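Student: Handing you this structure, nothing more for now.
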Amino acid sequence: MGLFVEKSYTAFLIFTVLLGGGAAFMTGRALARGWKSFGRLVLYMFLLGVAVRFLHWGLLLDPTFQSWHDAQGSLFSLHYYLVDTAVLIAVAALGYRLQRAEQMTTQYRWLYERTSPLTWKRR
């Protein structure tokens, strides 16, 4: 259908942005709370991208054995997998950064002050 959307805009919003994005946002916050690295977040979003891709295929794209390898809209479509994963990484990074800014300014308030919801600076 398009560069970012495979079947419909509604499906993209529901599965990728709302369901996948919600899980990505919570994952980003959880990793920041545990003081985990951003690289781990990216790895987890590649795995979550597989799950979102499966939802798109399984619920919307006529899930048959033959459709696994069709050129248009298959389960293993690299293009749409990368689009979904890029959206998930962006949403997860937002959750990660919001939580990290809160942590730095709350736990180390004598060292840092918040400059915006996503940033902080030294006092």
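The values are calculated or read from the model by the stated rules, or taken from the named source; none is laboratory data. Remember, it's a predicted structure, so these values are computed and weren't measured experimentally. Because the Cβ atoms are built from the backbone with ideal geometry, glycine has one as well, and the counts that use them run over all protein chains shown.
Student: Identify the single condition in (1) farther than 21 Å from ARG100 by Cβ; (2) modelled with pLDDT of 95 or more that GLY2 does not satisfy, given that it satisfies every other one.
Tutor: With respect to (1) farther than 21 Å from ARG100 by Cβ; (2) modelled with pLDDT of 95 or more, GLY2 is out only on (2).
Student: Select from the range 67-78 the residues that are outside any helix (DSSP H, G or I) and loosely packed, with under 12 Cβ neighbours inside 10 Å and write down the one among them that is modelled with the lowest pLDDT.
Tutor: Step one: of the range 67-78, the residues outside any helix (DSSP H, G or I) are 69-77.
Next, from what is left, pick out any that are loosely packed, with under 12 Cβ neighbours inside 10 Å: 69, 71-72, 76.
Values: HIS69: 60, ALA71: 52, GLN72: 55, PHE76: 78.
Restricting to residues being outside any helix (DSSP H, G or I) and loosely packed, with under 12 Cβ neighbours inside 10 Å, the top hit is ALA71.
Student: Does PHE15 fit the bill of being at pLDDT 95 or above and surrounded by 13 or more Cβ atoms within 10 Å (Cβ to Cβ)? Don't jump to the end; show me each part of the working.
Tutor: On the way: at pLDDT 95 or above: no; surrounded by 13 or more Cβ atoms within 10 Å (Cβ to Cβ): yes.
When the stated conditions are applied, PHE15 does not pass them.
Student: Taking the range 27-45 as the search range and keeping residues that are in a helix (DSSP H, G or I), loosely packed, with under 14 Cβ neighbours inside 10 Å and of a type outside the set (Gly, Ala, Ser), which one is farthest from the chain's Cα centre (by Cα)? Walk me through it before giving the result.
Tutor: Just the residues of the range 27-45 that are in a helix (DSSP H, G or I), to begin with: 27-33, 38-45.
So of that shortlist, the ones also loosely packed, with under 14 Cβ neighbours inside 10 Å come out as 33, 39-40, 43.
Right, trim to of a type outside the set (Gly, Ala, Ser) and you get 33, 40, 43.
Working: ARG33: 17, ARG40: 13, LEU43: 11 Å.
Result: ARG33.
Student: Taking into account only those residues within the range 79-103 that are of a type in the set (A, V, I, L, M, F, W, C) and buried (at least 18 other Cβ atoms within 10 Å of the Cβ), which is farthest from ALA32 (Cα to Cα)? Write out each step before concluding.
Tutor: Taking the range 79-103 first, the residues of a type in the set (A, V, I, L, M, F, W, C) are 82-83, 86-94, 98, 101.
Those still in the list that are buried (at least 18 other Cβ atoms within 10 Å of the Cβ) too: 83, 87-89, 91-93, 101.
Values: VAL83: 24, VAL87: 19, LEU88: 16, ILE89: 14, VAL91: 13, ALA92: 10, ALA93: 10, ALA101: 9 Å.
Within the range 79-103, the match that is farthest from ALA32 (Cα to Cα) is VAL83.
Student: Taking interchain pairs and intrachain pairs at least six residues apart, which have beta carbon atoms under 7 angstrom, with the first residue in the range 47-64 and farther than 19 Å from ALA24 by Cα and among the hydrophobic types (A, V, I, L, M, F, W, C) and the second in a helix (DSSP H, G or I) and modelled with pLDDT under 75?
Tutor: The qualifying pairs are LEU61/SER67.
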